[in-house]
Amino acid sequence: MEFLRNTWYVALWSQDLAPEQMVSRKFLNEPIVLFRQADGKVAALADACAHRFSPLSMGKIVKGTHVRCRYHALEYDGSGKCVFNPHGSGRIPPALKVRSYPVAEKHSMIWIWMGEKEADPSLIPDFSILDPDPKKVVSKRDWLLMQASYELITDNLMDLSHTAIMHEGILGTEHTVKGNVTIEQTGTTVKAGRSPKNVPAPGLYDLMYKNDGRQVDFWQDVRWDAPACMIIDSGVTDPGAPREQGSGIYGMHFLTPETETTTYYHFCAVRYNPISWGQPLDDEIRAKLSDLRRFAFEEQDQPIIKAQQDRIRGQKNSAHPVLLEIDAGPVRYKRVLEALIRQEQEAATLQGEEGRAA
Amino acid sequence: MTTQSAIIRRIGVEAADIRSIELVGADGKPLRPFEAGAHIDVYLGELIRQYSLINTTDTDGSYRIAVKLEPTSRGGSRRMHALAEGETLKIGLPRNNFALHPDATHSVLLAGGIGITPLLGMAYQLHARGKSFSFEYFARSDDPVAFAQEIRATALAPRTRFHLGLTGEAVRQALETRLHTVPRNAHVYTCGPGPFMQVVRELVAAKPGLVLHLEYFVAEPPPLDLTAGSFQVKLAKSGTTIRVDASQTIVEALRAAGIEVETSCEQGVCGTCLTTVLAGRPDHHDVILTEEEQKAGDRMLLCVSRSLDAELVLDL
């Protein structure tokens with residue numbers, strides 16, 4: 001499996017990296033140490049000292065800006081250059097440096113650029129919904145390391161019919177199994193929607209809306225941007241009423257491959273037209289929103305996707321799934337992603353050939 | 001020479017909308033010989049129409065064809081019905097894609113409506129050669145049934161069963177009953193409307209041993225009512241033209257004609273049946289192609305997409 005490299009992946013929630021804190025991660029099979037300098041700037045370096053390859057993340061932050069290796073106390077700055085050698089003459093050979101990855105902090109997340117091409121922060125898809133705003137009701141910005149490939153998780157999120165079955169009671173019900181799938185593509189952004197009409201409100205939505213178990217029109221519209229960044233606009237409104245009169249959430253889903261078969265899954269939900277019930281109920285609802293969603297992804301999605309992955313990997317010949325109407329979303333995003341990866345690799349090959357010619 | 005000149009010897013009224021036309025050689029010589037199941041091209045100015053020969057070659061060197069007046073005719077059947085005895089016609093040489101198998105121990109002829117024409121010639125030939133056969137003729141009974149009188153008045157009568165005025169399920173049952181009693185290795189010949197032949201295909205497929213021969217009956221290129229959703233696809237590699245009825249997908253129509261297309265989801269999702277379009281404008285109903293790809297119109301999903309034009313030419 002090839003990954004798309006010249007793109008922005010979510011590395012961490014901004015909140016999860018305090019000043020002078022270090023976090024070790026692996027993205028696209030590459031060990032990386034992320035750290036925040038005292039002035040708030042974030043850096044991401046290959047997590048192996050150039051000297052003897054011990055992980056820099058086992059060391060510590062010194063002088064507010066440098067990572068010091070635990071083994072021989074070599075110090076690196078945010079650009080990956082070794083800037084202090086306590087040994088001998090203290091000479092620092094130019095080769096004593098580690099790869100530095102471009103990072104950008106936007107929409108309350110730290111994004112990392114894994115490719116060789118120049119990183120352009122304007123390419124980060126619009127997630128301004130997540131920009132800090134005290135008036136917004138946002139669930140816990142949460143994450144988990146899911147034991148499944150980011151593609152299988154994306155398939156799951158791009159085919160929301162599964163919510164009626166896998167998350168029955170919370171995010172769907174038997175009445176929301178059927179929903180006309182619509183599909184739309186603008187550039188490389190793919191949108192897939194479904195909207196079961198006049199159905200009992202699924203648990204979490206009922207909780208956020210009127211808490212009366214009455215019939216509603218339900219919708220789930222997912223927007224995908226490469227490599228695996230999704231917003232799911234979902235909500236309920238009175239049957240026949242415009243969506244603006246209803247209530248719902250923007251579910252945010254960011255998938256970053258750790259390896260081919262494991263994925264950092266960052267998620268949270270921003271409420272849409274939140275209805276206030278006053279305290280302490282509002283806080284309880286917010287906590288429930290956080291807990292139930294984590295439960296749905298971790299305890300309901302993860303086991304089935306992991307088991308599915310084991311089956312796929314266990315097959316001798318590559319398996320071709322027999323698709324259904326509900327797979328319009330997964331099929332479309334996959335075509336876009338595969339085309340982007342292909343383009344990237346063709347460009348890389350071309351560059352390699354030019355390099356040889358020169 | 002690939003054409004012959006023929007004079008109309010006689011025109012008969014076989015039903016309210018069906019005329020039979022007898023042709024003889026314009027030069028007094030017999031027309032070229034043929035075997036039952038053959039058809040000829042008839043040239044009508046710029047139009048060319050195909051008609052099955054319904055007599056036997058063993059008679060007098062004449063040809064006999066029958067033409068049903070199609071209410072939506074684009075000219076062919078209307079012009080054929082306007083012909084008069086004594087007029088001269090340019091016609092092609094007989095061609096046969098629907099010949100009787102010489103070694104068949106028993107033949108079953110299944111005719112649906114005007115699909116009677118090639119089978120009538122076959123019945124005559126089988127009878128003339130003393131072969132074993134049975135003849136089943138399905139027709140709507142609200143019209144006078146073409147050739148019914150003729151069949152009843154000839155030696156074909158004892159071999160022929162009429163099934164008149166039956167609707168869908170009853171047609172299937174009657175066919176099933178008839179096919180149940182035929183010898184295991186019989187050859188089955190059928191011609192008629194698409195749905196009729198589809199039922200025959202299904203029933204024959206369920207009886208291993210039977211050999212099926214199909215003739216796609218086109219009294220004239222099918223009247224294409226695009227608003228009703230029918231069109232035709234031409235397969236560039238084989239030159240075959242297949243009609244796609246409003247109730248069928250392209251994949252279904254191709255399958256009915258014995259042409260297998262690789263498919264998986266059959267809902268326009270997976271892309272397995274993506275096919276290059278060489279001519280005609282596809283009417284896309286899939287969800288896999290982007291808007292731009294759909295507009296480009298050079299590829300389509302045969303499982304769900306249809307046609308904006310009367311004909312699509314596919315790279316198949």
- Unique match (being in a strand (DSSP E or B), of a type in the set (S, T, Y) and open to solvent by less than 10 Å² (accessible area, probe 1.4 Å)) among A:Y250, A:Y265: A:Y265
- Can you name the residue in the stretch A:127-146 that is assigned to a loop (DSSP other than H, G, I, E, B) and at pLDDT 95 or above and is also least open to solvent (accessible area, probe 1.4 Å) among such residues? A:F127
- In this structure, is A:L255 touching a Pro at 6+ places or on another chain (Cβ under 9 Å), at pLDDT 90 or above, crowded, with 21+ Cβ neighbours inside 10 Å and within 14 Å of chain B (Cβ to nearest Cβ)? no
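Each row is one residue, and each column tells you yes or no for (1) more than 21 Å from B:H213 (Cβ to Cβ); (2) in a strand (DSSP E or B).
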residue	(1), (2)
B:R19	yes, yes
B:L23	yes, yes
B:D27	yes, no
B:G37	no, no
B:Y51	no, yes
B:N55	no, no
B:V67	yes, yes
B:E70	yes, no
- Scanning the stretch B:24-74 residue by residue, those among the small types (G, A, S) and on the phi < 0 side of the Ramachandran plot turn out to be B:G25, B:A26, B:A36, B:A38, B:S52, B:S62, B:A66, B:S73
- Report yes if A:I326 is surrounded by 12 or more Cβ atoms within 10 Å (Cβ to Cβ), among the β-branched types (V, I, T), more than 14 Å from chain B (Cβ to nearest Cβ) and part of a helix (DSSP H, G or I), otherwise no. no
- Message: Could you tell me how many of the residues in the stretch A:81-119 are under 20 Å from A:A18 (Cα atoms) and not in a strand (DSSP E or B)?
- Response: 3
- Which one is farthest from the other protein chains (Cβ to nearest Cβ), of the residues in the stretch B:295-304 that are of a type outside the set (D, E) and part of a loop (DSSP other than H, G, I, E, B)? B:G297
- Message: With the structure loaded, tell me whether A:P321 is within 14 Å of another protein chain (Cβ to nearest Cβ) and without any contact (Cβ under 8 Å) to a residue 40 or more places away in the chain or whether it fails that test.
- Response: yes
- Item | Residue under evaluation B:A256, criteria (1) within 22 Å of A:V336 (Cα to Cα); (2) buried (at least 21 other Cβ atoms within 10 Å of the Cβ), criterion not met | (1)
- Message: I need every pair where a residue in the stretch B:169-180 that is surrounded by fewer than 16 Cβ atoms within 10 Å (Cβ to Cβ) has its Cβ under 8 Å from the Cβ of a residue that is assigned to a helix (DSSP H, G or I) and among the hydrophobic types (A, V, I, L, M, F, W, C), sequence separation at least 6 or different chains.
- Response: B:E176/B:L203
- Matching option when the condition is among the acidic types (D, E) and within 14 Å of chain B (Cβ to nearest Cβ), among A:E338, A:E284, A:E298, A:E344: A:E338
- Query: surrounded by fewer than 16 Cβ atoms within 10 Å (Cβ to Cβ), of a type in the set (F, W, Y) and farther than 19 Å from A:R5 by Cβ - does that describe any residue in the stretch A:23-39?
  - Reply: no
- Message: Checking the conditions here, which among B:E292, B:E311 is within 14 Å of another protein chain (Cβ to nearest Cβ) and charged (D, E, K, R)?
- Response: B:E292
- Looking at the stretch A:311-358, which of the residues that are among the acidic types (D, E) and closer than 25 Å to A:L171 by Cβ is modelled with the lowest pLDDT? A:E325
- Message: Scan the stretch B:135-157 and tell me whether some residue there is out of contact with any Pro (no Cβ under 7 Å at 6 or more places or on another chain), closer than 24 Å to B:R201 by Cβ and acidic (D, E).
- Response: yes
- Filtering the stretch A:329-346 for residues that are open to solvent by less than 20 Å² (accessible area, probe 1.4 Å) and charged (D, E, K, R) leaves a count of 1
- Residue count, the stretch A:187-235, condition open to solvent by 10 Å² or more (accessible area, probe 1.4 Å) and part of a loop (DSSP other than H, G, I, E, B), comes to 13
- Filter result (β-branched (V, I, T) and either over 20 Å from A:D16 (Cβ atoms) or open to solvent by 20 Å² or more (accessible area, probe 1.4 Å) (or both)) within the stretch A:40-67: A:V42, A:I61, A:V62, A:T65
- Message: If A:K178 meets every condition in (1) in contact with a strand residue (DSSP E or B) (Cβ under 8 Å, 6 or more places away or on another chain); (2) of a type in the set (K, R); (3) surrounded by fewer than 16 Cβ atoms within 10 Å (Cβ to Cβ) apart from one, which number is that one?
- Response: (1)
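The values are calculated or read from the model by the stated rules, or taken from the named source; none is laboratory data. Keep in mind the model is a prediction, meaning the values are calculated, not measured. When we count neighbours, we look across all protein chains shown, and the Cβ atoms used for this are built from the backbone with ideal geometry, even at glycine. When the accessible area is computed, the model is the full protein with side chains, heavy atoms only, and any ligands, DNA or RNA have been set aside. Shrake-Rupley method; radii C 1.70, N 1.55, O 1.52, S 1.80 Å.
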